[in-house]
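What follows is a set of notes on a single structure, which appears directly below.
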Amino acid sequence: MKHLVFVVNPKSGVERNKKIQAAIQAHLDQSVYSYEIQETQHAGHGTKLAQDAAVKGAFAVVAVGGDGSVNDIIKGLLGTNTLLAIIPKGSGNGLARTLGIPLDLAQAIQTINRCRVEAIDIGFANGKVFASNAGVGFDALVCKKFSQSKRRGLLVYTWLITKHMWLYRSWDWNLVVDGQEYKETAFFISVANGRQFGYNFKIAEDASWTDGLLDLVIIRKFPKILGALLGFRMFSGTLLKSKYVHRIRAKQIIISNPQLKWMQTDGDSQTCSNSIEFTIQEKAQKVIIGT
């Protein structure tokens, strides 16, 4: 019998958690899996729960939440034989969407039953883990404002982008990409391992999470009147065709600016030094993926 540990955030609401537990009981193939449900008690607690589950030999830890919850679980599983599984219950669910995991609760559990496993690459930004993407500039600003908002959802995310876009100024960046130096004036810079931020807004629509490379996506300074068009390109999966966008694939990327103080990793806003080194570890984590 393969043992699963479901890690759930109790702050997501009693009724929703009851629904999740009922769905697990109803749809998980219990002829194959035994399971337990554990609740996080504070930020970052998921990492410790995942570490403990791996030490005890769990077959997989199931992150029930969004990209931030998934990130916490990965940090606890790296270097172990325990698989990651995802039931997407966050706002954007960027990694789950990239990996083809359904947003529907019952269908996500069926994905675990089918147990299609793939080893995915994991990125690091100054040693901090990211599975989907990391970034600086306007990208990091929006993540910071979104984390401070009491509301979630696509409308809030879109409103924050619209509100801050007109006042935000592009920065001059120094880049070193696999040893080659660049200078760019950019609205924001994203380093992608997955394909999207979430909500189906794709930053690198053809990125591969198994090629051992990071996708450096530079959104160069553009007329603000075209902001909606760039947003549409993200949603339609054609961003890389814009003349204001430049993509480079690399194993090591260093991004610096003397004023740099904030970055985002998997949608989590955090302080940083004025220079960030991005690296990738190839096929570092086994994940139960969708179709």
A careful count of residues in the range 194-213 that are aromatic (Phe, Trp, Tyr), buried (at least 22 other Cβ atoms within 10 Å of the Cβ) and either over 13 Å from the mean Cα position of the chain (by Cα) or not in a strand (DSSP E or B) (or both) gives 1
Among strands (runs of 3 or more DSSP E) entirely inside the range 113-168, those with 1 or more residues being out of contact with any Lys or Arg (no Cβ under 7 Å at 6 or more places or on another chain) and under 30 Å from VAL32 (Cβ atoms) are 116-125
Within the range 252-273, the count of residues that are assigned to a loop (DSSP other than H, G, I, E, B) and free of Cβ contacts under 8 Å to residues at least 24 places away in the same chain comes to 2
Expected output for the range 58-79 (first residue closer than 22 Å to GLN107 by Cβ, partner among the aromatic types (Phe, Trp, Tyr) and at pLDDT below 95, Cβ below 9 Å, 6+ apart or cross-chain) is ASP67/PHE197
Filtering the range 234-251 down to residues that are of a type in the set (S, T, N, Q) and assigned to a helix (DSSP H, G or I) yields SER236
Hey, any hits in the range 126-143 for a residue that's crowded, with 16+ Cβ neighbours inside 10 Å, within 23 Å of LYS19 (Cβ to Cβ) and either modelled with pLDDT of 95 or more or β-branched (Val, Ile, Thr) (or both)?
-> no
When the range 13-54 is checked residue by residue, the ones that are among the hydrophobic types (A, V, I, L, M, F, W, C), in a helix (DSSP H, G or I) and closer than 23 Å to ASP104 by Cβ are VAL14, ILE20, ALA22, ALA23, ILE24, ALA26
- request: Test VAL191 against the criterion of being under 25 Å from PRO88 (Cβ atoms), within 19 Å of the chain's Cα centre (by Cα) and in a strand (DSSP E or B), and give yes or no.
  value: yes
**Prompt:** Quick check: anything in the range 74-96 buried (at least 21 other Cβ atoms within 10 Å of the Cβ) and farther than 30 Å from LYS202 by Cα?
**Reply:** no
### Query
Restricting attention to the range 187-205, does a residue exist that is of a type in the set (Gly, Ala, Ser), on the phi > 0 side of the Ramachandran plot, assigned by TED's automatic domain parsing to the domain that holds GLN259 and modelled with pLDDT under 95?
yes
Those residues of the range 1-57 which are more than 19 Å from LEU83 (Cα to Cα), hydrophobic (A, V, I, L, M, F, W, C) and buried (at least 16 other Cβ atoms within 10 Å of the Cβ) amount to ILE20, ALA23
Of the candidates GLY90, GLY100, the one satisfying the condition of being in contact (Cβ under 8 Å) with a residue 60 or more places away in the chain, touching a Ser or Thr at 6+ places or on another chain (Cβ under 6 Å), in a loop (DSSP other than H, G, I, E, B) and of a type outside the set (Phe, Trp, Tyr) is GLY100
With respect to GLU39, determine if the residue is more than 21 Å from ASN193 (Cβ to Cβ), acidic (Asp, Glu), in contact with a strand residue (DSSP E or B) (Cβ under 6 Å, 6 or more places away or on another chain) and not assigned by TED's automatic domain parsing to the domain that holds PHE197. yes
Being surrounded by 13 or more Cβ atoms within 10 Å (Cβ to Cβ) and without any contact (Cβ under 8 Å) to a residue 24 or more places away in the chain narrows ARG233, ARG220, ARG249 down to just ARG233
Looking across the range 169-188 at residues that are part of a loop (DSSP other than H, G, I, E, B) and in contact with a Lys or Arg (Cβ under 7 Å, 6 or more places away or on another chain), the single one that is surrounded by the most Cβ atoms within 10 Å (Cβ to Cβ) is SER170
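The values are calculated or read from the model by the stated rules, or taken from the named source; none is laboratory data. Note that the structure is a prediction, hence the values are computed from the model and not measured. Cβ sites come from the backbone with ideal geometry, for glycine too, and all protein chains shown count toward neighbours.
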